[in-house]
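The values are calculated or read from the model by the stated rules, or taken from the named source; none is laboratory data. Keep in mind it's a predicted model, so treat the numbers as computed, not measured. FYI the Cβ positions are ideal-geometry reconstructions off the backbone, even for glycines, and counts take in every protein chain you see. Areas reflect the complete protein model, heavy atoms only, side chains present, ligands, DNA and RNA absent. Shrake-Rupley method; radii C 1.70, N 1.55, O 1.52, S 1.80 Å.
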Amino acid sequence: MKKYFAYLLCVIIMSGSVYSCSKKNDEPTPNNDKKTGIDSPGVKTNKKTTDRAVSDTAYFGMCKGKYIIIDDYYKYSANENLSYDTTGSGYDTYSGDFKSLLQKLGVYDEKKVEYSFDEFKPEFAAYTNFRKGDNIYVSSKSGVYPAEVSGFYINLDDMIGAGTVFYSTVNAPKGAKYEDNEIVVCSFNNNMGAINRKGVTNQQMIDQFKVYIMPKLKGVMVSEYDDKGQPKNKPLTKIANEDIKMFEGNFTGKGNNEFLVSVKLQNDFTNFTSLIYVMDSEGKVISEFIPLAMNNFTFSMAEGVTDINGDGVLEIITYDGYYEGGGYNLNKNNGGLFKLLTTGFVFGV
């Protein structure tokens, strides 16, 4: 059962939303990759980045001490073992291939789960578009830094989830400050902006948008637990600060006076109510980026915003999941609609 839920989460996130592709403002069909709803990069990586200053190709990275691992979800989602598979067996085949690969390379140890490689092996072409020496830019909350692909990494322990097992690595850029396991965005754009994770902190403004949102949550029931752990359902009467997150900026291309408002409520142990709206300063909904889903098995929440190509319109990082796992999505406005650019670090139990 747990493996089914992990696989279900992976399939849902690959579709572009934890709710429904059709609910995401009629997201347009991508030009290149009809299997996953994510456009293929369309370019091969190399050491030249000047011709990619406005590229929408982006990847999620995760900070691991002195290096950053990069999730190449374009290559992962194009894997033939995963295409059109609805049983989960495709992922079993994908993840199982790595034991054979490591045995072929003569490094497999049944007691070892992590393997690092300084050089590109021909066998790696099936799992990554990156090559050693490729130049990219890394966007974090502390700034944007140039970096170079330095190696490759396999973590068999990640097979407990339903996402990537093979990663490219870059050495953490000098002067950059990262938290362990911090999620960053990598691209080829030399004019990419830093990630804003803090959002709006003005309490008066937060309270104002709580008032705007509360009528939309009419009928939401939440469980409160007594000292014996027994739940009792009660109507939602208020939104706590930890349940709402807001960002101010330009999300639709219409101007900077827009607010991304994300609400996630836990109805009970396994179910959630969530929404992500783009609103104006008067509380009018400009776009239901993630429509309201009440008492739902899955949720979506805004994690941060960044401008990956310097056009002034902010891309949105969401964490989409369920009570035992989730993954990250990067979304951008595309002619009034929101489009999924990439996904990364999908894990579930």
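Observations, loosely collected:
- Close pairs (9 angstrom Cβ cut-off, 6 or more residues apart or separate chains): on the phi > 0 side of the Ramachandran plot in segment 210-229, surrounded by 10 or more Cβ atoms within 10 Å (Cβ to Cβ) anywhere: Gly219/Pro235; Gly219/Leu236; Gly219/Met294
- Of all the listed residues (Pro122, Pro146), the sole one being open to solvent by 40 Å² or more (accessible area, probe 1.4 Å), free of Cβ contacts under 8 Å to residues at least 12 places away in the same chain and on the phi < 0 side of the Ramachandran plot is Pro122.
- Segment 54-67 - residue that is among the aromatic types (Phe, Trp, Tyr) and buried (at least 23 other Cβ atoms within 10 Å of the Cβ) and, of those, nearest to Tyr178 (Cα to Cα): Phe60
- Segment 168-183 residues that are touching a residue at least 24 places away in the same chain (Cβ under 8 Å), paired with ones that are open to solvent by 20 Å² or more (accessible area, probe 1.4 Å) and among the hydrophobic types (A, V, I, L, M, F, W, C) (beta carbon under 9 Å, 6 or more apart): Thr169/Phe117; Tyr178/Ala172; Asn181/Met62; Glu182/Met62; Ile183/Met62
- Against the conditions (1) in a loop (DSSP other than H, G, I, E, B); (2) more than 21 Å from Tyr73 (Cβ to Cβ); (3) of a type in the set (D, E, K, R), Lys99 satisfies every one except (1).
- Within segment 137-163, the set of residues being among the polar types (S, T, N, Q) and more than 16 Å from the chain's Cα centre (by Cα) comprises Ser142, Ser150, Asn155.
- Qualifying residue in segment 140-150 (condition: over 21 Å from Gly65 (Cβ atoms) and among the acidic types (Asp, Glu)): no
- Single residue of segment 68-90 satisfying the filter (more than 19 Å from the chain's Cα centre (by Cα) and outside any loop (DSSP other than H, G, I, E, B)) that is surrounded by the most Cβ atoms within 10 Å (Cβ to Cβ): Gly90
- Elements of type strands (runs of 3 or more DSSP E) contained in segment 216-281, each with 1 or more residues being open to solvent by less than 10 Å² (accessible area, probe 1.4 Å) and among the aromatic types (Phe, Trp, Tyr): 244-249, 258-266, 272-279
- Any hit, segment 304-325, residues being crowded, with 17+ Cβ neighbours inside 10 Å, among the acidic types (Asp, Glu) and touching a Phe, Trp or Tyr at 6+ places or on another chain (Cβ under 6 Å): no
- Scanning segment 227-252 for residues that are more than 29 Å from Leu314 (Cα to Cα) and touching a strand residue (DSSP E or B) at 6+ places or on another chain (Cβ under 7 Å) returns Pro231, Lys232, Asn233, Lys234, Pro235, Leu236.
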